[in-house]
Each structure stands twice: as structure tokens, then as C-alpha cells.
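Novice: Before anything else, here's the structure in question.
Please treat every number below as a calculation from the coordinates, not as lab data. All values reported here derive from a predicted model rather than from experimental measurement. As a convention, Cβ positions derive from the backbone with ideal geometry for all residues, glycine included, and neighbour counts pool all protein chains shown.
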Amino acid sequence: MSTETVEVKEKVEKKPAEPLFSKRRRGIVKDPLSDDNPITIQVLGICSALAITIKMEPTIVMSIAVIFVIVFSNLIISLMRNLIPGRVRIIVQLAVIATLVTLVSEVLKAYYYDMYKVLGAFVGLIITNCIVMGRLEAFAMGNKPYDSILDGLGSGFGYAWIIMVVAFFRELFGSGSILNFKIFEAIGWDTFPTNGLMVDSIGAFMVLGVLIWVQRTKTGYVEH
Amino acid sequence: MDIFNIALKATFIDNMIFAYFLGMCSFLAVSKKVSTAFGLGMAVVFVLTITTPVNWLLQEFVLKEGALKWMGASFETVDLTFLQFIMFIAVIASMVQLVEMVIEKFSPALYGSLGIFLPLIAVNCSILGASLFMVQRDYTIAQATAYGFGSGLGWFLAIIALAAIRERLKYSHVPAGLKGLGITMLITGLMGLAFKSFIGIAL
């Protein structure tokens, strides 16, 4: 699904007005990855960041789903931004997001049923992922479609790499494996003590807390 | 007794925040002061208690496979489950709007204190989450209502507790990078550890 969005990006190339990868546009993609990360700096989308990061595999599927939903809802709302009356915009946004999420959910159910079972209600909860709503409200309502796609990609990948790191540590210490590959048995350390707390919700809070600490120290962001 | 147990379980053991991480966004964003946390918590309890049974009715009489039987024999095999997300979120958004209007009309004082939080609730994951879990667990309407209320109460307790801790936290010296969200995550983890002690209760 993420490759589709790359294709969309290349088609718009002909516009002469502004270079395709001007400094401003690179900024739109790059800022959410680190300096303005949706999870660690803006504190959005925490719910699903914690719930599905027990293993890496569902996390990857979730990341792809969220990137897909963010990019396309940004695009659709941006195309419609002059048609939506201000008073009902929340409902319109929710309807667009819910439709895209239903699409994701049906595709998962049809082609990847095991994963659909694992993710369960959390696929549906992408609808209320604050990142998606936040980007629509803050960016897509006031910007052109192509910029909105870039913004969606930036926020989506900013979200994806954080939950991937959380999942990596939780799976490594919680189950002693990476992508279901028993890493410690492979290097001959059969007695590696797996930590039940990491599989549990508490591990998620701790890992994310420490990750936020590291990331904020690196970017120099301090909350007052 | 059964209904009481479900509410109790949803409040303490399967707490929305500590067991399912639902409603984290507003949980972290609006927990700086106890008074505002109280307002938002009350609004969540209120909306959850209303939307869960309404969505139950919707699921039972419109969405479920064969649910449209009451419209005639030809509708017996209709399965509208794929519309679940859109319908639920529409119900939640309109319920929130309705609740806002009713409160504004009848209790301006309460509206003043809840006012700004009510629209936020439409995108609180715990509301949609409760509806989706309620479907997964095949509750009856009474059980679903109890579940909605219990979940709301659990969320309410969690946000009040966190807000109280964060108010005290102002006076401590936290490392710069850990200030705000970082330390809040760690505290939430520790609170979750405390809530784990409820698991031992057999219901």
C-alpha cells in the first residue's frame, strides 16, 4: 500500500510552480520524523502505539494500515476542503476516515485473516487515532492535495518508526524473539529470561517513556 | 449480580487505560489539573453509558447478520457488519452533539465546566472501543450498559489519579528530556502495575 502512494507522488511531477522536492516540501515530510514527531513530541496516537506492539509483525501491518489511512484521508479532505462547511467538518472527516478504515479492515479480513484476528478491534480504532484527525484538522483543511499527501507520509512514517522501535524491544525482551524468530535460542542462549512485564501493558508504558526521553534529549525539545 | 460483576471488572481489572490503552490521547493531554480532569472524566462516563446501549441496539436490530428480519422475510440474510465502524462513529458523534445541546439547555453550569471537552470525546478511543468490545463479547443490553458505565468509571478514576500525581509533580526536579510526557508515561506504567493487583479478584 505504501508503494501506491509513492506512485501518486511521481505523477504530480509536471507542475512547474514549485520544485517537487523543494526545501519546504522536504520539511513537510522530514519534520514529523524527528523534530515534530506525532507520538513523542505532539503526544498523539498513543492508544494503538501501545496496544499492538507486543510483537513486530502486527505492528508492521498496523503501520501500513495507518499510513494508508492518513495519506488517503489527507488527500480526500484536501480535495474537498473548500466544499466542507465549517460546522459539520468533524462529521465529514470522521466519515472519510471510517470509510477508509472499513476498506482496510475488509482487505485484512479477506487476505490476511490471522492478522485480522490478532489486531481485532484495534483496526477499527484507527478511526479514533488522534494523528489522523489531527492532521486533517491542522493540515489538510488548509493545504493543497500534493502537500497534504507529503504531510500524511511524513506523519505516517513518524508514527511507524516509533511503534516499530517499541515493538522491537517488547518482543525482544518479552518473548526473546524478533519477527517470531527465536534470536536467543539461535545464538545458543537457551536460558534467556523472558520478561512477562514487557508483554504486559506496563512494559509498553515503560519502553515508550524511555524512548520519549531519548528522543527528546536528542532533539532538545523540553516541555514546560 | 452478573451485571454488577461486569461493571466492576470493567472498572478495575479490564481498565480502559491500563489494560487496553484506550483514550490515551486525552488521558495524557487533559490530566494537568484535577478540576479539568474531573470534568472530562464525568463527560466520558456520561457519554459511554449512553452510547454503548444505543450501539447495542444498532448492532442487534440493523447491522448483525439476519438482524433486519423485522423488516420482512427477504431481509433475513442481509449482513451489514461491514458498516459497523461508520455507523458506530456516526452514533457516537451525533450522541455527543445531542448530549452537548441537552446539557446546554438544561444545565448551563455543567455546560460551562464540561463545554470544551464534549466535542473532544467524539474522538476518544475508549468510547468506540467499548462499543467494539461489547460486540465481540456478545453482551445483552443490560450487560452492555453496565460495561459502558464501568469502563467510563475506570477511565474517570485513572485520569483523576494521574492528574493528582501530576499536580504534585510540578515541585520535583525531573530531567529536562523526561519532563511532561516522558515522566507521565513512566508514572502511568507504575499505576498500571498497581492496578494489576486487582487481577487476583475472582468474580
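Novice: Which peptide among A:79-85, B:192-198 comes first, and what is the full order, when sorted by highest mean count of other Cβ atoms within 10 Å? Write down the numbers at each step before the final one.
Specialist: Working: A:79-85: 11.9, B:192-198: 16.3.
In descending order of packing, they fall as B:192-198, A:79-85.
Novice: By average Cβ neighbour count within 10 Å, what is the ranking of A:153-165, B:153-165 from highest down? Write down the numbers at each step before the final one.
Specialist: On the way: A:153-165: 23.1, B:153-165: 21.2.
By packing density, highest mean first, the sequence is A:153-165, B:153-165.
Novice: Let me ask something else. Once the Cα atoms of helix B:125-136 and of chain B are each reduced to a long axis, what angle between those two axes, in degrees from 0 to 90 to the nearest 10, is obtained?
Specialist: The answer is roughly 40 degrees.
Novice: Kirkwood hydrodynamic radius, computed over distinct alpha-carbon pairs, for segment B:78-203: how many Å, to one decimal? Intermediate values should be presented prior to the final figure.
Specialist: On the way: mean 1/r = 0.0565 Å⁻¹.
About 17.7 Å, per the Kirkwood formula over Cα pairs.
Novice: Something else about it: Taking B:K196 as the anchor, which aspartates and glutamates have their alpha carbon closer than 17 Å to its alpha carbon, excluding any fewer than eight residues away along the same chain?
Specialist: A:D200, B:D14
Novice: Relative to the compact-globule scaling 2.2 N^0.38 Å, provide the ratio for the alpha-carbon radius of gyration of chain A. Working shown, then result.
Specialist: Details: Rg = 18.7 Å, N = 224, 2.2 N^0.38 = 17.2 Å.
So the Cα radius of gyration is 1.09 times the expected 2.2 N^0.38 Å.
Novice: Something else about it: Just to confirm my numbers, what's the Cα centroid distance between segment A:175-193 and segment B:150-203 in Å?
Specialist: First find each Cα centre; the distance between them is then 32 Å.
Novice: Filter A:K109/B:K69; A:K55/A:K218; A:K23/B:K170 down to the pairs with a C-alpha to C-alpha distance above 28 Å, please.
Specialist: Numbers: A:K109/B:K69 25 Å; A:K55/A:K218 26 Å; A:K23/B:K170 40 Å.
Distance filter (> 28 Å) returns A:K23/B:K170.
Novice: Can you give the mean number of other chain Cβ atoms that lie within 10 Å of the Cβ atoms in peptide A:102-109?
Specialist: Working: counts 5, 1, 1, 3, 2, 0, 0, 2.
Per residue, the number of nearby Cβ atoms from other chains is 2 on average.
Novice: Using only the Cα atoms of the protein assembly as shown, build the gyration tensor, take square roots of its eigenvalues as a ≥ b ≥ c, and label the shape rounded, prolate or oblate: rounded if a/c is under 1.5, else prolate if a/b is larger than b/c, else oblate.
Specialist: Working: a/c = 1.25, a/b = 1.06, b/c = 1.17.
Rounded, because the longest to shortest axis ratio a/c is under 1.5.
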